[in-house]
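One structure is given below, encoded as structure tokens.
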Amino acid sequence: MSDAQPQSYPEIRDAVRRLCAAFPGEYWQKLDRDRIYPTEFVRTLTEAGFLSVLIPEEFGGSGLGLGAATAVLEEIHRSGCNGGACHAQMYTMGTLLKHGSEAQKAANLPAIARGDLRLQAFGVTEPTAGTDTTRIRTFAKRVGNDYVVNGQKIWISRAEHSDLMILLCRTTPREDCAKSSDGMSVLLVDIREAVGNGLTIRPVRTMLNHATTELFFDDLKVPAANLIGEEGKGFRYILSGMNAERILIASECIGDGRFFIDRASAYAKEREVFGRAIGENQGVQFPIARAYVQLAAAAEMVDKAARLFDAGQDAGTEANMAKMLASEASWYAADMCVQTHGGFGFAEEYDIERKFRETRLYQVAPISTNLILSHVATHALGLPKSF
Ligand SMILES: Cc1cc2nc3c(=O)[nH]c(=O)nc-3n(C[C@H](O)[C@H](O)[C@H](O)COP(=O)(O)OP(=O)(O)OC[C@H]3O[C@@H](n4cnc5c(N)ncnc54)[C@H](O)[C@@H]3O)c2cc1C
């Protein structure tokens, strides 16, 4: 697929593409079949420095902005690979960088940048609270120099493949807070020490290979020194990271969409039925062209959101709009690509059915489309809140 505009960060994109070429479809198909984590892929990306692009140079990273990180993730996804195994390190690190103490940053960020420490887990969602995060029940009670954590989380991805986790807990019951978003705190949990000492991790098998889990906390002790920022202000810290997360996920959708369009265009030119290439039929061409148009528009919004974020401006609404447009464009492209391939769209060896399953996630996680529309209605349009 030719890109309408010259793309940003051409050197980074080229280097990511070359790295991804060593991880072809067969690699992902094999892992997908058995739901195995792509350890080798993540290690290669880490060693090449791509997962530490956002870590400032003083802590050993590249000190680049979100625009560079979106280029990395987009190219991973366009190459047929999947960044879901490691993308969280990019945005969870921001919570530590923006709100952590100097001691916490010095102790962790250089090791993360070197690849000696993995910060891949982000623990927010709970089975009973759902999207209504203020209703989380996992509680961290201060006892002496520790917090003692009890509760449960669901859909916490990569917990089995991470050394550290950013964990959101209640430290004051909701009913005792002036605002429902007060009274939550962020703890940096050392998963290596926690497992077997109050933390149990149980994998959840899903329709895609995403290494997601349930977590059970039973009197887990976390040193009070691992509190990030101030007690009770954790919800704000998590929200600030969520804009980065939405923009980064949107860039993965753009990469997925480009993958589907590349594949569909190539197949439509090559596949002959009724004595001619199927791509000569407008009934086949137009859905590909429509996917291209939708994706180009979504990519502009992702770039705008990343630019605002990197300029330190409020990117909340743009981050949400970018995620919604990009996840819908990639889903349309996925559906189009299956249709263009006919029966072969369902064959494992073509990678299309795998990418189809993978890109579907992004209309639900990390935030579902209805909640984005609600944000736009209330924040951009001033409509009354419905919840
Ligand atoms: C594979 C996977 C990986 C994940 N990884 C992580 C992770 O690493 N860390 C983490 O913390 N979470 C993670 N999540 C959780 C994810 O962020 C949530 O699933 C997502 O935010 C939706 O929340 P929910 O599943 O609780 O849906 P619910 O909140 O139960 O909502 C269900 C449906 O109802 C709709 N809905 C709910 N309320 C309203 C309303 N008021 N108006 C209109 N519609 C409404 C929603 O849009 C949604 O479609 C992951 C999820 C999946 C599936």
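Please go through (1) within 11 Å of the ligand (Cβ to nearest atom); (2) open to solvent by less than 10 Å² (accessible area, probe 1.4 Å) for Leu109 and return the number of the only condition it doesn't satisfy.
Only one criterion is unmet by Leu109, namely (1).
So if I check each of Thr92, Thr131, which one is surrounded by fewer than 23 Cβ atoms within 10 Å (Cβ to Cβ), within 10 Å of the ligand (Cβ to nearest atom) and either at pLDDT 95 or above or part of a helix (DSSP H, G or I) (or both)? Can you show your working first?
Working: Thr92 fails: surrounded by fewer than 23 Cβ atoms within 10 Å (Cβ to Cβ).
Within the list Thr92, Thr131, the selection yields Thr131.
Name the helices (runs of 4 or more DSSP H) wholly within the stretch 311-387 that hold at least 1 residues that are farther than 19 Å from Gly25 by Cα?
Values: elements: 316-341, 352-360, 369-375.
Where helices (runs of 4 or more DSSP H) fall fully within the stretch 311-387 and carry at least 1 residues being farther than 19 Å from Gly25 by Cα, they are 316-341, 369-375.
Just name the residue that is farthest from the ligand (Cβ to nearest atom) out of those in the stretch 362-374 that are surrounded by fewer than 19 Cβ atoms within 10 Å (Cβ to Cβ) and of a type outside the set (S, T, N, Q).
It comes out as Leu373.
From Arg114, Arg118, which residue is of a type in the set (D, E, K, R), open to solvent by 20 Å² or more (accessible area, probe 1.4 Å) and more than 16 Å from the ligand (Cβ to nearest atom)? Show your work before the answer.
Details: Arg118 fails: more than 16 Å from the ligand (Cβ to nearest atom).
Of Arg114, Arg118, the one residue that is of a type in the set (D, E, K, R), open to solvent by 20 Å² or more (accessible area, probe 1.4 Å) and more than 16 Å from the ligand (Cβ to nearest atom) is Arg114.
Check whether at least one residue in the stretch 120-127 is over 20 Å from Thr92 (Cα atoms) and either touching a Cys at 6+ places or on another chain (Cβ under 6 Å) or in a loop (DSSP other than H, G, I, E, B) (or both), and report yes or no. I'd like the intermediate steps shown before the answer.
Pass one, the stretch 120-127, residues over 20 Å from Thr92 (Cα atoms): 127.
Checking which are either touching a Cys at 6+ places or on another chain (Cβ under 6 Å) or in a loop (DSSP other than H, G, I, E, B) (or both) leaves us with 127.
Taking every residue of the stretch 120-127 in turn, at least one turns out to be over 20 Å from Thr92 (Cα atoms) and either touching a Cys at 6+ places or on another chain (Cβ under 6 Å) or in a loop (DSSP other than H, G, I, E, B) (or both).
Identify, from the list Leu208, Leu248, Leu187, the residue that is open to solvent by less than 30 Å² (accessible area, probe 1.4 Å) and in a strand (DSSP E or B). Spell out the reasoning first.
Details: Leu208 fails: in a strand (DSSP E or B); Leu248 fails: in a strand (DSSP E or B).
Result of the check over Leu208, Leu248, Leu187: Leu187.
Failed condition for Leu64, given (1) over 19 Å from Arg43 (Cβ atoms); (2) assigned to a helix (DSSP H, G or I), with all others met?
(2)
Being at pLDDT below 95 and within 16 Å of the ligand (Cβ to nearest atom): is that true of Ser386 here? Break it down into steps so the answer makes sense when it comes.
Details: at pLDDT below 95: yes; within 16 Å of the ligand (Cβ to nearest atom): yes.
Yes; evaluated as a whole, the condition is true for this residue.
In the list Val189, Val204, which residue meets the criterion of being under 19 Å from the mean Cα position of the chain (by Cα) and either of a type in the set (Val, Ile, Thr) or at pLDDT 95 or above (or both)? Lay out the reasoning, then the answer.
Details: Val189 fails: under 19 Å from the mean Cα position of the chain (by Cα).
The unique qualifying residue is Val204.
Among the numbered criteria (1) over 30 Å from Asp34 (Cβ atoms); (2) open to solvent by 10 Å² or more (accessible area, probe 1.4 Å); (3) in contact with a helix residue (DSSP H, G or I) (Cβ under 6 Å, 6 or more places away or on another chain), which one does Cys177 miss?
With respect to (1) over 30 Å from Asp34 (Cβ atoms); (2) open to solvent by 10 Å² or more (accessible area, probe 1.4 Å); (3) in contact with a helix residue (DSSP H, G or I) (Cβ under 6 Å, 6 or more places away or on another chain), Cys177 is out only on (3).
Is it the case that Leu73 is more than 15 Å from Leu45 (Cβ to Cβ) and in contact with a Gly (Cβ under 8 Å, 6 or more places away or on another chain)?
Numbers: more than 15 Å from Leu45 (Cβ to Cβ): no; in contact with a Gly (Cβ under 8 Å, 6 or more places away or on another chain): yes.
It is false that Leu73 is more than 15 Å from Leu45 (Cβ to Cβ) and in contact with a Gly (Cβ under 8 Å, 6 or more places away or on another chain).
If a residue must be under 24 Å from Gln89 (Cα atoms) and not in a loop (DSSP other than H, G, I, E, B), how many such residues does the stretch 152-181 contain?
From the stretch 152-181, those under 24 Å from Gln89 (Cα atoms) are 152-170; that's our starting set.
Restricting the remaining residues to those that are not in a loop (DSSP other than H, G, I, E, B) gives 152-157, 159-161, 164-170.
Qualifying residue count for the region: 16.
Regarding Gly84, is this residue within 16 Å of the ligand (Cβ to nearest atom), touching a residue at least 40 places away in the same chain (Cβ under 8 Å) and either within 19 Å of Asn226 (Cα to Cα) or open to solvent by less than 10 Å² (accessible area, probe 1.4 Å) (or both)? Full working, then the answer.
Values: within 16 Å of the ligand (Cβ to nearest atom): yes; touching a residue at least 40 places away in the same chain (Cβ under 8 Å): yes; either within 19 Å of Asn226 (Cα to Cα) or open to solvent by less than 10 Å² (accessible area, probe 1.4 Å) (or both): yes.
For Gly84, the condition - within 16 Å of the ligand (Cβ to nearest atom), touching a residue at least 40 places away in the same chain (Cβ under 8 Å) and either within 19 Å of Asn226 (Cα to Cα) or open to solvent by less than 10 Å² (accessible area, probe 1.4 Å) (or both) - is met.
The values are calculated or read from the model by the stated rules, or taken from the named source; none is laboratory data. These numbers come from a predicted model, not from an experiment. All Cβ positions, even for glycine, are placed from backbone atoms using ideal geometry, and neighbour counts span all protein chains on display. Surface areas here come from the heavy atoms of the whole protein model, side chains and all, with no ligands, DNA or RNA. Shrake-Rupley method; radii C 1.70, N 1.55, O 1.52, S 1.80 Å.
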